[in-house]
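What follows is calculated from the coordinates using simple rules that are stated; it is not laboratory data. Keep in mind it's a predicted model, so treat the numbers as computed, not measured. Neighbour counts are summed over all protein chains in view; Cβ atoms, including those assigned to glycine, are modelled from backbone coordinates with ideal geometry.
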Amino acid sequence: MSEHQEISFSDFEKVDIRTGTIVDAQVFEKARKPAYKLKIDFGEEIGIKKSSAQITVHYTPETLVGRQILAVVNFPPRQIGPFMSEVLTLGFADENGDIVLAATEQTVPNGRKLI
């Protein structure tokens, strides 16, 4: 059982989680672990951002395009091999440790902040 560190609401407010729609998904051939390179549209204010995501067990590039997801948009960009990941795509590990994407129950406008 993991320990949970209590944070303040103001700490939570610093994490900018937004909705975005995947507009392109490609196999990340140079990744050490199987992954996709995603382009995600976060609306007019944020625009299209790139993300590397290890989500190859439950998804194919074809099933990802058009899917609305959640991502953290205010972490610094992270170099992953030859690819610069600009946002952290969010998901949960299933019983085998494979990632299932976090998403909204209904479609909302791209770029909406989790509140």
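Couple of notes before you dig in:
- Percentage relative contact order, the stretch 10-101, counting C-alpha pairs under 8 Å, at least six apart: 28
- Multiplying the residue separation of Asn74 and Gln54 by 0.36 nm and subtracting their alpha-carbon distance yields 5.2 nm.
- Spatially near lysine pairs across the chain, Cα under 15 Å, sequence gap of 8 or more or different chains: 5
- Charge dipole (Cα centre; +1 on Lys/Arg Cβ, -1 on Asp/Glu Cβ; no other charges) of the chain amounts to roughly 480 debye.
- GluC sites (Glu not before Pro) within the stretch 1-49: DSSP coil, no more than 14 neighbouring Cβ in 10 Å: Glu3, Glu6, Glu29
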